Structures are given as C-alpha cells and as structure tokens.
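Trainee: Next up is a structure, given as structure tokens.
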C-alpha cells in the first residue's frame, strides 16, 4: 500500500450508502485503504485499530449518532480529521458538527465527486464546508432561526440530541433506546430542555425545531 494514499474510515448505518461511498472513493488514485462501520459506538475502537487519515461520518445513525461519535473521536485524538457527509443541510447541524470537532461538512445530495475532493482537502489539513452551508451564505435561513437561535445554543450537545429526537416524535422510551441511555435520564433531559426553551409540551419543542430547521 502506497503510504501517500489517504486511508478512510466510513461511518454510516446504511449498507448501500457505505457500498456507494467505497466504490466512489476507491476509484480515486489518491485514496488508499477504506474501512467501513455501521455505528458511532465503534468509531473510536476502529480508529485506534485502523489509524485512518480521514473519517467520513454520517450524523443520523442508530445508537449514539454522529455528533456524539465526533465528540468521542475528538476526545480520543484532538487531531482527528472528520468530514461529515449528511442529509441535513440546515445551519444548526453544520454548526453543531463543527463545534463537536468536524473539519468539514458536505451534503449527501452533492455531486459525487465533491466527496472525494473534500476528503483530499481535509487530509491536507484544510477545512471544507460545502458552499451555501455556512450561516453567512444563508441570510434568509438566519432570519428564520433568529427567534429561538440563542435558546437552541444554550442546549448541551446531549440535550440537543434528545431535543432533536423528541421533536421528531420519539417518546422517552424510544429516545432512551436510540441513545443507549436510561429512561430516567431522558426524562431529566426532557425537563431541562423544556425549561431552557420555555416550552410546555413536546409539540412546543417540535414547533421550535421546525422554526430552527432542526427537523
């Protein structure tokens, strides 16, 4: 294996998507070995074993999800290079991913070649955010989020994960299962989130999430 080639770790829970990623990346002569896994819980272990140059991370996965996986990888290795490749193009997801430690963000509806180019740029130490995703490139979206923006950013990373799932209609038991946390812990988070966002019901949270384009 040519050591100059970029080693990539793919983290996505859809087998068809991972197969497509592998095929696309493997077609580039500057991409070397590719390993894929289906859960964020496995990211740190596989990162230690494989030592990739770039991690390509989905956000919406069962279990701890992409944001928490990013945080864990960055805690393990502050120098880790992570490119998010997600269906979400809303500012709040981009900003959360960057705050968690990602070095790049592109959407899954981007042209296929963008993924390979972004991996190359991230591997070279540069940051790559798909044009149009940064707040300064989307003023109309910024105005739509203005009412609740400050409150949303008072949520801790884990509170944001819970807020997103509750807003999508998950009950506390389902959220607990999805995030591998206890039911009581989720109930406590739910109370904290409602207090921070001045919301009384899950419907109120869903409305706030839609206003801020979280869902």
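Trainee: Would you pick out the residues in region 15-34 that are surrounded by 14 or more Cβ atoms within 10 Å (Cβ to Cβ) and free of Cβ contacts under 8 Å to residues at least 12 places away in the same chain?
Mentor: 20, 26
Trainee: Hey, another quick one. In region 97-106, which residues are assigned to a helix (DSSP H, G or I) and either more than 23 Å from residue 123 (Cβ to Cβ) or more than 10 Å from the chain's Cα centre (by Cα) (or both)?
Mentor: 99
Trainee: Moving on to the next point. Regarding region 170-180, can at least one residue be identified that is over 30 Å from residue 8 (Cβ atoms), touching a helix residue (DSSP H, G or I) at 6+ places or on another chain (Cβ under 8 Å), at pLDDT 85 or above and part of a loop (DSSP other than H, G, I, E, B)?
Mentor: yes
Trainee: Limited to region 69-85, what total is found for residues that are buried (at least 21 other Cβ atoms within 10 Å of the Cβ) and within 11 Å of the chain's Cα centre (by Cα)?
Mentor: The number of residues fulfilling the criteria is 6.
Trainee: With assigned to a helix (DSSP H, G or I), within 21 Å of residue 157 (Cβ to Cβ) and at pLDDT 95 or above as the only criterion, which of 73, 83 stands out?
Mentor: Numbers: 83 fails: assigned to a helix (DSSP H, G or I).
Selected residue: 73, the only one of 73, 83 that is assigned to a helix (DSSP H, G or I), within 21 Å of residue 157 (Cβ to Cβ) and at pLDDT 95 or above.
Trainee: Out of the residues in region 181-215 meeting the condition of being in contact (Cβ under 8 Å) with a residue 60 or more places away in the chain and in a loop (DSSP other than H, G, I, E, B), tell me which one is nearest to residue 68 (Cα to Cα).
Mentor: Among those that are in contact (Cβ under 8 Å) with a residue 60 or more places away in the chain and in a loop (DSSP other than H, G, I, E, B), it is 214.
Trainee: Here's something else I'd like to know. Do we find that residue 51 is surrounded by fewer than 16 Cβ atoms within 10 Å (Cβ to Cβ), modelled with pLDDT under 95 and either assigned by TED's automatic domain parsing to the domain that holds residue 159 or within 19 Å of residue 123 (Cα to Cα) (or both) in this structure?
Mentor: So residue 51 fails the test.
The values are calculated or read from the model by the stated rules, or taken from the named source; none is laboratory data. Nothing here was measured: the structure is a model prediction, and the numbers come from that model. Backbone-built Cβ (ideal geometry, glycine too); neighbour counts: all protein chains shown.
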